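Report on one structure; see the data block that follows.
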2 protein chains.
Amino acid sequence: MTEHETEALCAAVGLRLTRPRRVLLRVLREATDHPSADQIFARARAHDPAIALGTVYRNLGILEEAGIVTRHAFGEGYARYELATQQHGHIIDRDSGTVVEFTDPALETTLQAIAQARGFRLADYHVKLWGERE
Amino acid sequence: MTEHETEALCAAVGLRLTRPRRVLLRVLREATDHPSADQIFARARAHDPAIALGTVYRNLGILEEAGIVTRHAFGEGYARYELATQQHGHIIDRDSGTVVEFTDPALETTLQAIAQARGFRLADYHVKLWGERE
DNA sequence: TTTGGTGCAAATTCTTTGCAGACAC
DNA sequence: GTGTCTGCAAAGAATTTGCACCAAA
């Protein structure tokens with residue numbers, strides 16, 4: 001996603017484009033990993049030392065609510081965040097903790113069918129695989 | 001799982017069958033939902049008022065480590081637990097918060113294939129679907 | 001100008017841990 | 001007996017919130 005796209009998303013939901021918000025979106029756009037709130041805070045500070053941790057949490061919540069950001073729990077005791085772009089699953093390396101993303105059309109179809117068969121309309125999904133490299 | 005089975009699992013891992021441990025296993029066996037540590041604590045207290053919250057957390061950790069219990073993060077800010085019986089996914093009702101379990105052989109196959117294709121041996125997985133009843 | 005947003009710090013919530021005594025084996 | 005496990009209480013870690021000031025629109 002480009003700077004323009006993320007900022008347009010905010011505007012569309014009625015969010016003001018404040019300095020901290022702009023910085024957060026930039027940090028998320030530039031992230032290739034799945035940073036924690038703390039990591040995001042540190043990276044944001046590099047761009048603007050005035051940003052407060054509370055502001056980071058507050059906005060991550062707001063952005064998640066708005067569907068712009070996705071929050072993940074990889075079972076480490078804290079949350080990790082990423083821009084909500086295309087739907088995808090995660091493979092977590094048991095040994096290194098590395099997180100690899102993947103997309104799979106067949107999976108998507110299967111999930112859709114599972115939800116439907118149980119009387120649900122599929123709104124969102126989280127698929128996490130833990131594995132060891134072989 | 002029966003009382004005998006869960007206790008045999010503990011013995012197999014070298015865990016002593018203490019009173020709190022027995023009570024916790026019973027609470028987990030009798031649970032039809034996915035209780036939080038707090039809920040487990042409350043239910044355990046009903047059987048034995050002497051149990052401490054710290055003991056609950058400590059044992060949930062130990063039992064998870066031993067593969068007897070599974071810890072889930074449904075994105076509520078706390079963890080939920082269940083006995084690790086058959087692998088299965090969860091559908092979370094967006095409106096009510098109800099969690100429905102499901103198993104699906106096709107899904108299992110798909111996940112296996114996805115992991116393999118990326119060079120991983122699938123060790124575990126969490127599949128969570130959020131949906132609205134239709 | 002008017003609201004929504006911010007930094008700061010204190011408060012909450014969930015979970016972990018140190019320790020002296022108790023109990024399973 | 002002895003080494004694990006417990007209850008208790010205090011500590012820790014992650015996240016949320018109240019408030020007075022600031023700045024987008």
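Every number in this text was worked out from the coordinates using simple rules, so none of it is lab data. Just so you know, these numbers come straight off a predicted model, no measurement behind them. FYI the Cβ positions are ideal-geometry reconstructions off the backbone, even for glycines, and counts take in every protein chain you see.
In a simple Cβ point-charge model (Lys, Arg +1; Asp, Glu -1; nothing else charged), region B:89-131 has a dipole of about 260 debye relative to its Cα centre.
On the basis of the beta-carbon distance and an R0 of 30 Å, B:Phe102 and A:His88 show a calculated FRET efficiency of 0.90.
Here, region B:37-116 has an Rg and a Dmax of 15.6, 48 Å when only alpha carbons are counted.
Would you mind estimating how fast the protein assembly as shown diffuses translationally, via Stokes-Einstein at 20 °C and 1.002 mPa s with the Kirkwood radius over Cα pairs, in µm²/s? Kindly include the intermediate steps, with their values, before the conclusion.
Details: Rh = 20.6 Å.
The diffusion coefficient I find is 104 µm²/s.
Work out how much length B:Arg58 to B:Glu30 would gain on full extension: take 0.36 nm times their residue separation and subtract the Cα-Cα distance, in nm to one decimal. Result for the pair: 8.1 nm of gain on full extension. Under 8 Å for C-alpha pairs, at least 6 residues apart: give me the relative contact order for chain B, rounded to a whole percent. Rounded, it is 18 percent for chain B. Rounded to the nearest Hz, the phi-derived 3J(HN,Hα) couplings of region B:121-133 under the Karplus curve 6.51 cos²θ - 1.76 cosθ + 1.60 (θ = phi - 60°) are 9, 5, 9, 6, 8, 10, 10, 10, 10, 9, x, 10, 5, where x marks glycine and proline. Each Lys and Arg contributes +1 and each Asp and Glu -1, all at the Cβ; summed about the Cα centre of chain B, the dipole is approximately 580 debye. Phi-derived couplings, Karplus 6.51 cos²θ - 1.76 cosθ + 1.60 at θ = phi - 60°, listed residue by residue for region A:55-61: 5, 4, 4, 4, 6, 4, x Hz, with x used for Gly and Pro. With axes computed from alpha carbons, what is the tilt in degrees of helix A:3-13 against the longest principal axis of chain A, rounded to the nearest 10 within 0 to 90? The two axes meet at around 90 degrees. Panel values: region B:3-83, Kirkwood radius from alpha carbon pairs, Stokes-Einstein at 25 °C and 0.890 mPa s, translational diffusion coefficient 195 µm²/s. Scanning residues 5 or more positions from A:Tyr125 or on other chains, those with amide H under 5 Å from its amide H are B:Trp130, with H placed 1.01 Å from N in the peptide plane. Across region A:80-105, the residues whose backbone nitrogen lies under 15 Å from the label position 7 Å along the beta-carbon direction of B:Ala123 are A:91-100. Computed from the C-alpha gyration tensor, the three semi-axes of the ellipsoid equivalent to region A:89-131 are 25, 10, 8 Å, from longest to shortest. For region A:74-91, backbone phi angles converted through the Karplus equation (6.51, -1.76, 1.60; θ = phi - 60°) give residue-by-residue couplings of 8, x, 10, x, 8, 9, 10, 10, 7, 5, 7, 9, 6, 4, 7, x, 10, 10 Hz, Gly and Pro being listed as x.
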